[in-house]
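Novice: Please find one structure pasted underneath; my questions will follow.
Coordinate-derived values only; no laboratory data. Since the structure is predicted, the reported quantities are computational estimates derived from the model, not experimental observations. Here the Cβ is made from the backbone with ideal geometry for all residues, glycine too, and neighbour counts use every protein chain on show.
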Amino acid sequence: MSRTLRGAIALAGAAALSLGTVATTGAAQPAAAQDEVRIGLLLPESKTTRYEKFDRPYIEAKIKELAPGAQIDYYNAAESATTQQQQVNTALAKGDKVLILDAVDAKSIQSSVQKAHDAGVKVVAYDRLAQGPVDAYVSYDNRKVGELQGRALLDALGDKAGSGEIVMHNGSPTDPNAAEFKAGAHAVLDGKVKIGKEYDTPNWDPNNANQQMSGAISALGKDRIVGVYSANDGLAAGIATALKAAGMNVPLTGQDAQLDAIQRILLGTQTITVEKPYKPEADIAATMAVNLAEGKPIPSDLTPTTVTSGSGQKVPASLLTPVVVDKSNIKDTVVKDGLYTVREICTPTYAAACKEAGLQ
C-alpha cells in the first residue's frame with residue numbers, strides 16, 4: 001500500500017528541554033551511509049506542552065514504523081531562532097538527508113533552509129511554513145482556526161457583542177500561523193464587536209499575555225470588556241490568571257487543546273479551545289520525510305494543495321481540518337482522539353465539573 005494521506009489519517013484514527021539541547025534517538029552510529037534514512041527533527045520550543053508530549057513521539061514512532069532502521073536526530077530550539085539556525089548546521093554536518101522543521105521564526109530561518117537545499121537536503125515544514133525552498137508542508141488550515149475562534153467568541157457573547165469591547169491577543173509576530181489566525185478571526189469579528197485593545201505576544205509568552213491583559217483591564221475598565229480572543233491556550237493561561245485577579249469571568253478562546261485548557265473549560269474560565277489532532281499531522285510529516293529520505297517522490301494525495309510562503313515559494317502542502325472543543329464535546333474530541341484520558345482530566349480539583357459535564 002502506498003504511503004498516502006488516507007493511510008496516514010487512518011492510522012492516526014485507529015516536555016521541557018534546555019536552550020540548545022540536542023537529543024538523538026537510537027544508539028550512536030557512524031557517519032550516515034549513502035542509503036541510510038537519517039532525518040533531523042527540529043521543534044521550536046517546549047513551553048507549549050504539545051511538542052514534547054505529542055509531536056515528537058508521534059513523528060518518531062511513525063518514522064520508525066515506515067523505516068525501522070532510520071536514524072532520527074532530535075533538536076529543540078527552546079524559542080531561540082539563533083539556536084535553531086545552529087541546529088540546522090549541526091543536522092547538516094551529521095548527514096541528515098531530510099529535515100522536519102517547525103520554525104521558531106519563519107523568516108530568519110530562510111538562510112538555513114537555503115543552505116539545506118544547496119546541500120541537497122530536503123526540508124519538510126511542519127506546522128509553520130518556513131520561508132525559503134521548502135519541499136513540502138503539513139499543517140492545519142490556520143485561517144480556519146481563527147474563523148472558528150472568532151465564531152465561538154461571538155456565539156458566547158450573544159447580545160453582549162454590541163454592548164462592550166473585546167481584547168485580542170494574536171500571538172507571536174514571527175509565527176506565520178499567528179498572522180493567519182488573526183486574519184481568520186478578524187474576518188468573523190470585524191463589524192460585529194468593537195476591539196478595545198489588540199496585542200502581539202512575542203514567543204507566545206503567557207507571562208507577557210498576563211501583563212498585556214492586566215494593562216487592558218486598567219486602560220479600558222473591567223466593565224467594558226465583554227470577551228477576550230486568545231490565539232492559543234498558552235496565552236489563555238496567562239490571560240485567565242489576569243481575569244481572575246480582576247474578578248472577571250468573560251468568554252475566552254484558545255487553541256491547541258492543552259490539558260490545562262480543557263480543565264479551564266470545565267470550570268468555565270475558558271470558553272473553547274481548537275483541537276488540531278497531532279497524530280494525523282505528525283504521521284503525514286513523517287511519511288513525507290521517509291519518502292524523501294529514500295529518494296522517492298511524495299505521493300500526490302499527501303500534498304493535495306499548494307501554499308505560497310512568505311518568501312514567494314510555491315510549496316506542495318497538506319492542510320488538515322481543526323475542531324472546536326467546548327464543555328459539551330470533550331469526550332467526543334480530545335478523549336476519543338487519545339490526547340487525554342478521563343482520569344488525566346478529572347483530577348480531584350475538577351471532579352465536580354467533570355461529573356456535571358458527563359465525563360464521570
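Novice: Once you put a point 7 Å from the Cα of residue 331 and another 7 Å from the Cα of residue 82, both along the Cβ direction, what distance in nm separates them?
Specialist: 5.2
Novice: Roughly how many Å is it from the Cα centre of region 70-90 to that of region 293-360, as a whole number?
Specialist: That distance is 25 Å.
Novice: Give me the Kirkwood hydrodynamic radius of region 186-338, using the inverse of the mean 1/r over all pairs of distinct Cα atoms, in Å to one decimal.
Specialist: Across region 186-338, the inverse of the average 1/r is 17.8 Å.
Novice: Rank-order 296-303, 105-112, 342-349 by packing density, defined as the average count of other C-beta atoms within 10 Å over each peptide's residues, highest first.
Specialist: Details: 296-303: 15.9, 105-112: 21.1, 342-349: 13.2.
Packing proxy ranking, top to bottom: 105-112, 296-303, 342-349.
Novice: Given charges of +1 on the Cβ of Lys and Arg and -1 on the Cβ of Asp and Glu, with all other atoms neutral, how large is the dipole of the chain about its Cα centre, in debye to the nearest 20?
Specialist: In debye, rounded to 20, the chain gives about 340.
Novice: Shifting gears a bit: Taking the Cα centre of each part, how many Å lie between region 103-158 and region 190-208?
Specialist: Distance between centres, Cα-based: 20 Å.
Novice: Find out how many positive minus negative residues lie around residue 96, taking Lys and Arg as positive, Asp and Glu as negative, among other residues whose Cβ is under 9 Å from that of residue 96. Mind dumping the intermediate values first?
Specialist: Numbers: positive: 38, 94, 97; negative: 73.
Here the count lands on +2.
Novice: I've got another one for you. Under a straight-distance cross-link criterion of Cα-Cα below 25 Å, which lysines are reachable from residue 62, leaving out those fewer than 8 residues away in the same chain?
Specialist: 47, 53, 94, 97, 122, 276, 279, 296, 336
Novice: Calculated from DSSP H runs of 4 or more alone, at -39500 (n - 2.57) each and per residue, what is the 222 nm mean residue ellipticity of the chain, nearest 500?
Specialist: Helix-only estimate at 222 nm: -11500 deg cm²/dmol.
Novice: Right, next: Using the scaling law 2.2 N^0.38 Å as the reference, what is the normalised Cα Rg of the chain?
Specialist: Values: Rg = 20.7 Å, N = 360, 2.2 N^0.38 = 20.6 Å.
Relative to the 2.2 N^0.38 Å estimate, the chain comes out at 1.00.
Novice: Lysines within cross-link reach of residue 192: Cα-Cα under 25 Å, excluding same-chain residues under 8 positions apart?
Specialist: Cα-Cα hits under 25 Å: 144, 160, 182, 222, 327.
Novice: Next up: Using the Cα centre of the chain as origin and beta-carbon charges of +1 (Lys, Arg) and -1 (Asp, Glu), tell me which of 359, 286, 176 is placed farthest towards the positive end of the dipole.
Specialist: 359
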